[in-house]
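The values are calculated or read from the model by the stated rules, or taken from the named source; none is laboratory data. Since the structure is predicted, the reported quantities are computational estimates derived from the model, not experimental observations. Counting neighbours? That spans all protein chains shown, and the Cβs are built from the backbone with ideal geometry, glycine included. With ligands, DNA and RNA removed, areas are computed over all heavy atoms of the protein, side chains included. Shrake-Rupley method; radii C 1.70, N 1.55, O 1.52, S 1.80 Å.
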Amino acid sequence: MITVTLPDGSAKEVEHGAPVKAVAEAISPRLAEAALVAYVDDQLVDLTYPLTRDAAIRIVTSKNPEALEVYRHSTAHLLAAAVTALFPKVQCGIGPPIEDGFYYDFIVERPFVPEDLEAIEARMREIAARDYVYERQMWPRQEAIDFFAGRGEPLKVQLIEEKTAGQKEVSVYTIKDRDVFVDFCVGPHVPTSGRLKAFKLTATSNAYWKGDASNAPMQRVYGTAFFSQKQLDEHLARIEEAKKRDHRKLGRELDLFQLHQVSPGAVFWTPRGTTLYNTLVAFCQSRQKADFQEIKTPLLYSKTLWEQSGHWGKYRDNMFLVMNNETNEHDMSLKPMNCPSHHLYYATARRSYRELPLRLVTFDVLHRNELSGALSGLTRVRQFAQDDCHVYLRQDQIASEVKFLMDFILGHYEAFGLASSIKFATRPETRIGDDAMWDRAEAALRSALEATGKPYAIKEGDGAFYGPKIDFDVTDSLGRAWQLGTIQLDYAAPERFDLNYVGEDNAEHRAVVIHRAVCGSLERFIAILIEHFAGAFPLWLAPVQAIVLPIADRHADYAREAARVLDAAGLRAEVDERKEKVNYKIREAQLQKIPYMLVVGDREAAERAVAVRSRAKGDLGPRPLDQFVTDALAEVRAKALS
Ligand SMILES: [Zn+2]
Ligand SMILES: [Zn+2]
């Protein structure tokens, strides 16, 4: 007999070699019914896994989030089984779970069409309904290689050769038997195909074996799976909503920005988009006015600066190098970040402890050489600006500064109704500075974070190459998470740039640097705002805040006058003077998501009034023009969200 320990600390005895499922059965028949996989010590295994030593056991059901990956991966096998049945000459690649579902890559004779996906999904449902067992079998390695070679699956042979070098046996999974489907996989999987209740194939795309374009082209089929049909339906509805809100689509419809192939990854902002952009920057500037100092620095630098900062060695592939016609070499670069220029600026003067913390901010244009294939809308660009700040401070100011910056950052997200969460990221594999420096930096930043009392998660190895950081994720109105702001502690830059201050003791001391961004890339932040608000920006942010709609030609003069009054009060107003019916103009303004539509006819012109229609609340009735101005200005000042 062997002894297993359960999560509640109790122990159970089972026979040597008994499957993990026996433990679930011994606890309760209901648990055995709900069980999908299990942890044996730290290893996630199938329920059929034989127990051969004392171990800690935790049964995993659909209530445990980690089961979803297993569930989706198992659904990917179901997909491969269906494709194999329908397309006999197919070769299977790999089928991992991903963020919102799973995919499987295939080499097929022709690309899949939408009807193929329907047929594949129907076959998947058949296989699921037959409730086949996912059976793990250990085969002699050579037998497995011969089997897949004989079936014309060289990719599987390659995977086995790469992943199981030195092993005598390899694990393969069958669904029922070898005739139905067999795949090389390390597992684990759900016990039977009948457990897969709610799945949907969502898309196909081109892919390459191992993601390398010099390898065989493949067809990737994407799908998603959930534990219940309700969860799946909600997910699909969210995807539909996300498509409607896609910032590239809304950017066109609301006339906010353009992209052109002659300048990939760089944005043309339209007049409306530029207003949106400038309003956001003005908001950032107004919040920073009291405690920060804004400066502008050059865009182009000699490589000596990047050598000093460490970017030349660690980051050069991401920089746009520029030909220097005095040396005939590409020894200059557009700045990919503002840090070194701020450090240079700090070092231009002798700094006193009284000036610290000194917070420099810059909204300059930055360039990063992203692969053209990775570029997308405003979220993956080559040219962008950040609300980039570097704080120069004393060691003993770190805790209070981190608290100050965190409150500043969280307040910014709150203004947009974005919920946020905090992560602490530690030293990465590629880094500068010795272990002692990292120990000191991680301890200092972490204790400053602890002192704020805010909850946070840990991301091991995700720090910047010069120091540990606190990252801020926001969740938008569709529940999607985006990584935005950062607070990074840097002991390396003060050494490299010789950044000092004169202390109370009149002696020179090393300064400490903190890098801080709130929006991150303004371009990406605007993309998030477009999708978060579905283009219906709050009044203070809307590029056009009110549109005046004359009912007939004879009301055009008054309409223009009303717009001038709004404009003079600091509101952004337009007039729609086209010879269209007013209902048509209202519909268009509504589609343009303009917060207020002000209809003017004989009565309004006579009484110096406007008939107010709100984008969100519909008809609000007539109001004196001055009253509307007062109300709208109050709404702008309050930065009201609804
Ligand atoms: Zn598998
Ligand atoms: Zn920086």
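Scanning region 576-615 for residues that are touching a Leu at 6+ places or on another chain (Cβ under 6 Å), in contact (Cβ under 8 Å) with a residue 60 or more places away in the chain and in a helix (DSSP H, G or I) yields a count of 0. Got at least one residue in region 310-320 being at positive phi and more than 16 Å from ligand 2 (Cβ to nearest atom)? Among the residues of region 310-320, not one is at positive phi and more than 16 Å from ligand 2 (Cβ to nearest atom), which makes the answer no.
Table: residues versus (1) small (G, A, S); (2) touching a Leu at 6+ places or on another chain (Cβ under 9 Å).
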| residue | (1), (2) |
| --- | --- |
| E234 | no, no |
| A242 | yes, yes |
| R248 | no, yes |
| V267 | no, yes |
| G273 | yes, yes |
| T279 | no, yes |
| F283 | no, yes |
| K289 | no, no |
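Checking region 152-166 against the condition returns no match, with no residue being in contact with a helix residue (DSSP H, G or I) (Cβ under 6 Å, 6 or more places away or on another chain), on the phi < 0 side of the Ramachandran plot and free of Cβ contacts under 8 Å to residues at least 12 places away in the same chain.
In region 442-449, the condition of being modelled with pLDDT of 90 or more, assigned by TED's automatic domain parsing to the domain that holds A385 and within 14 Å of ligand 2 (Cβ to nearest atom) is met by no residue. Regarding F112, is this residue of a type in the set (A, V, I, L, M, F, W, C), part of a loop (DSSP other than H, G, I, E, B) and under 27 Å from D233 (Cβ atoms)? Spelling it out, F112 is indeed of a type in the set (A, V, I, L, M, F, W, C), part of a loop (DSSP other than H, G, I, E, B) and under 27 Å from D233 (Cβ atoms).
Answer with yes or no whether F87 is buried (at least 20 other Cβ atoms within 10 Å of the Cβ), among the hydrophobic types (A, V, I, L, M, F, W, C) and not assigned by TED's automatic domain parsing to the domain that holds P50. Outline the logic, then answer.
Working: buried (at least 20 other Cβ atoms within 10 Å of the Cβ): no; among the hydrophobic types (A, V, I, L, M, F, W, C): yes; not assigned by TED's automatic domain parsing to the domain that holds P50: yes.
Taking the combined requirement at face value, the residue does not satisfy it.
Looking for something β-branched (V, I, T) and open to solvent by 30 Å² or more (accessible area, probe 1.4 Å) - is there at least one such residue anywhere in region 468-477? Yes, the conditions are met somewhere in region 468-477. Set side by side, the residues I551, I594, I528 differ, and just one is at pLDDT 95 or above, away from ligand 2 (no atom under 16 Å from the Cβ) and surrounded by fewer than 21 Cβ atoms within 10 Å (Cβ to Cβ), which is I551. In region 1-13, the residues that are of a type in the set (D, E) reach residues that are open to solvent by 60 Å² or more (accessible area, probe 1.4 Å) with C-beta atoms within less than 8 angstrom, at least six apart or across chains, in these pairs: E13/M1.
Checking the condition in contact with a Gly (Cβ under 6 Å, 6 or more places away or on another chain) and either buried (at least 16 other Cβ atoms within 10 Å of the Cβ) or modelled with pLDDT under 90 (or both), which residue from Y132, Y104 passes? Sole residue among the options that is in contact with a Gly (Cβ under 6 Å, 6 or more places away or on another chain) and either buried (at least 16 other Cβ atoms within 10 Å of the Cβ) or modelled with pLDDT under 90 (or both): Y104. The residue list D407, D435 contains one member that is under 22 Å from A492 (Cβ atoms) and more than 15 Å from ligand 2 (Cβ to nearest atom), which is D435. Pairing residues of region 112-131 that are touching a residue at least 40 places away in the same chain (Cβ under 8 Å) with residues that are open to solvent by 80 Å² or more (accessible area, probe 1.4 Å), at Cβ distances under 8 Å and at least 6 apart in sequence or on separate chains, gives A128/K197; R130/K176.
Modelled with pLDDT of 95 or more and β-branched (V, I, T), is that true of T279?
Working: modelled with pLDDT of 95 or more: yes; β-branched (V, I, T): yes.
Answer is yes for this residue.
Of the residues that sit in region 189-199 and are within 16 Å of ligand 1 (Cβ to nearest atom) and part of a loop (DSSP other than H, G, I, E, B), which one is farthest from A128 (Cα to Cα)? Looking at the filtered set, the residue picked out is H189.
Within the option set V544, V512, being open to solvent by less than 20 Å² (accessible area, probe 1.4 Å) and more than 30 Å from N583 (Cα to Cα) holds for one residue only, V512. Among the residues of region 163-172, is there at least one that is within 16 Å of ligand 1 (Cβ to nearest atom), surrounded by fewer than 13 Cβ atoms within 10 Å (Cβ to Cβ) and charged (D, E, K, R)? Yes, some residue in region 163-172 is within 16 Å of ligand 1 (Cβ to nearest atom), surrounded by fewer than 13 Cβ atoms within 10 Å (Cβ to Cβ) and charged (D, E, K, R). Condition (residue is within 30 Å of K230 (Cβ to Cβ), free of Cβ contacts under 8 Å to residues at least 60 places away in the same chain and either in contact with a Leu (Cβ under 6 Å, 6 or more places away or on another chain) or more than 16 Å from ligand 2 (Cβ to nearest atom) (or both)) applied to region 178-196: is it met by at least one residue? Checking region 178-196: not a single residue is within 30 Å of K230 (Cβ to Cβ), free of Cβ contacts under 8 Å to residues at least 60 places away in the same chain and either in contact with a Leu (Cβ under 6 Å, 6 or more places away or on another chain) or more than 16 Å from ligand 2 (Cβ to nearest atom) (or both).
Scan region 317-355 for residues that are in a helix (DSSP H, G or I), open to solvent by 30 Å² or more (accessible area, probe 1.4 Å) and assigned by TED's automatic domain parsing to the domain that holds V513 and jot them down. First the steps, then the outcome.
At the first step, the residues of region 317-355 found to be in a helix (DSSP H, G or I) are 317-318, 339-346, 353-355.
Narrowing further to those that are open to solvent by 30 Å² or more (accessible area, probe 1.4 Å): 317-318, 344-345, 353-355.
Hits for region 317-355 are L344, Y345, Y353, R354, E355.
Please indicate, with yes or no, whether at least one residue in region 69-82 is among the aromatic types (F, W, Y) and over 17 Å from S171 (Cβ atoms). Scanning region 69-82 turns up at least one residue that is among the aromatic types (F, W, Y) and over 17 Å from S171 (Cβ atoms). In this entry, V186 passes the filter for residues that are within 14 Å of ligand 1 (Cβ to nearest atom), among the aliphatic types (A, V, I, L, M) and surrounded by fewer than 16 Cβ atoms within 10 Å (Cβ to Cβ).
In summary, A493 fulfils each of the numbered conditions (1) open to solvent by less than 30 Å² (accessible area, probe 1.4 Å); (2) of a type in the set (G, A, S); (3) modelled with pLDDT of 95 or more with the single exception of condition (3).
Counting only strands (runs of 3 or more DSSP E) that sit completely within region 450-517, those holding 3 or more residues that are in contact with a helix residue (DSSP H, G or I) (Cβ under 6 Å, 6 or more places away or on another chain) and within 16 Å of ligand 2 (Cβ to nearest atom) correspond to 481-490.
Checking each residue in region 440-450 for being within 22 Å of H311 (Cα to Cα) and not aliphatic (A, V, I, L, M) picks out only E442.
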